[in-house]
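To start, the structure under review is shown below, and the notes come after it.
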Ligand SMILES: C[S@@+](CC[C@H](N)C(=O)[O-])C[C@H]1O[C@@H](n2cnc3c(N)ncnc32)[C@H](O)[C@@H]1O
């Protein structure tokens, strides 16, 4: 049985297999991504995602292969994303109407991209970069960007943790993470995106005054996020310590949010600014 409804059909990649092997061992020693294990001499990679096998529709497939959509796809969009050489997200817009100096939002894990594209279309003077590992989602998102003729969107295939490690400090105006995988089982909590180690990367990448916006429909994760973020030096809760933010109108309903609401869940938003 699946752990939670977010996972349709997990595909094991090499890194997932490495991770699963570790899953019952020394959780406290495993922090974020790569940890050398001096006893077994192997590298552990703790992913925040599990690649899902879902149908690739015709439009998604077209966007991943038709050169017309290539302007949206920053790197190889099929297979495991290779992030080599991606160190400056502003530079991706150097030849676009907004140019490289427009404020920049990074959305992590946009899923199928509907709400990401809706936000980008609503704020045409802001640049939007989305990163995802789910190929059908990458394709669908590029298709929607192309159909609407958006010039302020770029899509990266790959692990956001790796990307954040490669970016300079004080680089991004906003980072948004909507309905991240909740990883409900206790032994899987180390895969949760919102953790002190991963928030150190998020905070480092944000400009001063930049914000991190997240939302979840899982109550345990919501209070976990509140605890991690409220106690993270360098971030300030916009709703005041101990409080969630009322749902902002600028955040469109996402697919996973709708699914959560249909299952009777509530939704919790959190917005933090970098001091
Ligand atoms: C539960 S889905 C939510 C999708 C979308 N935000 C929504 O609300 O409909 C979480 C998504 O985050 C992606 N994801 C998780 N960890 C990631 C990472 N480290 N880098 C890129 N994408 C990631 C997963 O592939 C998945 O599509």
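The values are calculated or read from the model by the stated rules, or taken from the named source; none is laboratory data. Remember, predicted model here, so these are calculated numbers, not experimental data. Don't worry about glycine lacking a Cβ; one is built from the backbone with ideal geometry, like all the others, and counts go over all protein chains shown.
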(message) If a residue must be part of a strand (DSSP E or B) and free of Cβ contacts under 8 Å to residues at least 60 places away in the same chain, how many such residues does the stretch 245-275 contain?
(response) 4
(request) Keeping to the stretch 209-238, report how many residues are assigned to a loop (DSSP other than H, G, I, E, B) and either under 18 Å from the mean Cα position of the chain (by Cα) or closer than 17 Å to residue 178 by Cβ (or both). (result) 3
(request) Taking residue 158 as the residue in question, decide whether it is closer than 26 Å to residue 88 by Cβ and touching a helix residue (DSSP H, G or I) at 6+ places or on another chain (Cβ under 6 Å). (result) no
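For (1) modelled with pLDDT of 95 or more; (2) in a strand (DSSP E or B); (3) within 13 Å of the ligand (Cβ to nearest atom), each residue gets a yes or a no:
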| residue | (1), (2), (3) |
| --- | --- |
| 17 | no, no, no |
| 32 | no, no, yes |
| 35 | no, yes, no |
| 50 | no, no, yes |
| 56 | no, no, no |
| 69 | yes, no, no |
| 83 | yes, no, yes |
| 92 | yes, no, no |
| 98 | yes, no, no |
(message) Suppose the filter is modelled with pLDDT of 95 or more, in a strand (DSSP E or B) and within 13 Å of the ligand (Cβ to nearest atom); does residue 155 pass it?
(response) yes
(message) Given the condition part of a strand (DSSP E or B) and closer than 24 Å to residue 118 by Cα, answer yes or no: does some residue in the stretch 178-192 qualify?
(response) yes
(message) Under 9 Å between Cβ atoms, which residue pairs at least 6 apart in sequence (or on different chains) link something in the stretch 120-136 that is touching a residue at least 60 places away in the same chain (Cβ under 8 Å) with a partner that is surrounded by fewer than 21 Cβ atoms within 10 Å (Cβ to Cβ) and assigned to a strand (DSSP E or B)?
(response) 134/52; 136/52
(request) Filter the stretch 100-130 down to residues that are over 29 Å from residue 54 (Cβ atoms) and surrounded by fewer than 17 Cβ atoms within 10 Å (Cβ to Cβ) and give me whichever is farthest from the ligand (Cβ to nearest atom). (result) 101
(request) Confirm whether residue 165 is within 14 Å of the ligand (Cβ to nearest atom), in contact with a helix residue (DSSP H, G or I) (Cβ under 7 Å, 6 or more places away or on another chain) and under 23 Å from residue 234 (Cβ atoms). (result) yes
